[in-house]
Amino acid sequence: RIKSGEVDPGRITKSVLVIDEAQDMDAHEFALVQALMERNEEMRVIAVGDDDQNIYEFRGASSKYLEQLITEYRAARYELVENYRSKSNLVDFTNRYVQKLPRRLKTTPIIPVQGSQGKLRVVHYRSSNLIVPLVEDVLSQQLPGTTCVLTKTNEEAMQVAGLLNKNGVQAKLIQSNEGFNLYNLLEIRFFVSRFHDAATYVINDGLWSGAINSLKSRFGSSPNLELCLNLIRDFDITNPTHKYKSDLEVFIRESKLEDFVRGDRETVFVSTIHKAKGREFDNVFLMLDQFYLNTAEAMRQLYVAMTRAKNNLMIHYNGDYLHSIKTEGLERVEDFREYEQPDQLMKQLSLKDVYLDFFDRRRHLIRYLKSGDELLVDEDGCLNIKGMPVLKFSNKFKNELQALRQGNYRPQKARVRFMVYWQKTDNEEEIPVILPELYFERKFQE
């Protein structure tokens, strides 16, 4: 629309364009940048990025667009090489590893500002199923500061968090709102609805405080309350004087659930590598179970994971790609034991795992449920505590259940994790949908 002249020139006339995380641009985003540059010949463009941290190729992101700004538009390049985050041996370890990456834009090794060394340990296994030994390692450590366990998949992260909590560790899973917009979360929608009757476009302080108190009162037991309050607090900080209803809606719709996961030093965070990008922790435990460096993106994922650690990095893996890397203070451990999968599993269901049309007929029951409520579970779906069906599994998830049964896992209980609004394409009316957590135990027949 910009190229065809459909957009008002006043809306796109800019003197400076700043592109953060420029290595994650896709073709559409780069086309927008090019269009803006064509319409603003004097505009200054500042692109900040690290091609070694491009881990979103699966959604079209490529650092080639950052490279094009240098090669085609003759941009001046500056390398920021000082690392204030990590201990010296951790920086040296990742420097040596990152040399394996092909076609890098960076040419200068990272220089650690800190002179002291941290704890760096690589545990190599012959076995798969590394969840149990990794959790045992976390339990055995007495490390000060913030701690995070990083995994490759969402399922691994859920299992690690579940096993830590079972062993008395306060673990917090960094989850995402994949499949639904944060604006459709029940708690958020309740909060926003407090402002619908107001005649003004601006939310005054009294109305704002009242909405927060109503949210706390209505959803005091919800596991999502803290996330919602963190979101509200962030919007409040960035809009201290005037809070426009339109700005609030845009802020919510453009936010991600993982952006508002906070905790203290007593909490062990558990996250996939992708969700931890941009974060830092004093201590990182990295689980690489059958993690293969068969693509450049996988190699960059590992680099991103290792560089989350500030002071201590413990890597658990069953590959061979870290064997040749040497640095000061590196401890290597060989574990020859065979490990089984944990006895308990937990699964977070998405919109693809439930039969969506079924919820339209169960509204009269769903209206009484909220996040955190316990559910019963059978082979077809979930029931409320009175035994009345409120959710049916999709055929896709029924196939997953069958595979779990073959591994001797049986569903034991469930709870409502998210309540979201869903809208059919042929129906204007929104339908409340339950997205539960299911808990399984492995039971062997005698």
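Scanning region 79-108 for residues being outside any helix (DSSP H, G or I) and under 14 Å from T307 (Cα atoms) gives a total of 7.
The combined condition, being free of Cβ contacts under 8 Å to residues at least 40 places away in the same chain, surrounded by 15 or more Cβ atoms within 10 Å (Cβ to Cβ) and small (G, A, S), is fulfilled by A47. One residue alone among P432, P411 is touching a helix residue (DSSP H, G or I) at 6+ places or on another chain (Cβ under 7 Å), outside the structural domain of N167 (by the TED database) and either at pLDDT below 90 or part of a strand (DSSP E or B) (or both), and that residue is P432. Is it the case that region 98-112 has a residue that's over 30 Å from K166 (Cβ atoms), buried (at least 16 other Cβ atoms within 10 Å of the Cβ) and in contact with a strand residue (DSSP E or B) (Cβ under 9 Å, 6 or more places away or on another chain)? Yes, the conditions are met somewhere in region 98-112.
When the criteria are applied in full, G10 meets the requirement of being exposed (fewer than 13 other Cβ atoms within 10 Å of the Cβ) and not β-branched (V, I, T). Restricted to helices (runs of 4 or more DSSP H) entirely inside region 146-229, those with at least 3 residues that are more than 17 Å from the chain's Cα centre (by Cα) and of a type in the set (S, T, N, Q) are 205-218. Summed over region 336-354, the residues that are surrounded by fewer than 16 Cβ atoms within 10 Å (Cβ to Cβ), of a type outside the set (S, T, N, Q) and either outside any loop (DSSP other than H, G, I, E, B) or touching a strand residue (DSSP E or B) at 6+ places or on another chain (Cβ under 7 Å) (or both) give a count of 3.
The values are calculated or read from the model by the stated rules, or taken from the named source; none is laboratory data. Please read all numbers here as calculations on a predicted model, not as lab measurements. Note: ideal-geometry Cβ built from the backbone for every residue, glycine included; neighbour counts use all protein chains shown.
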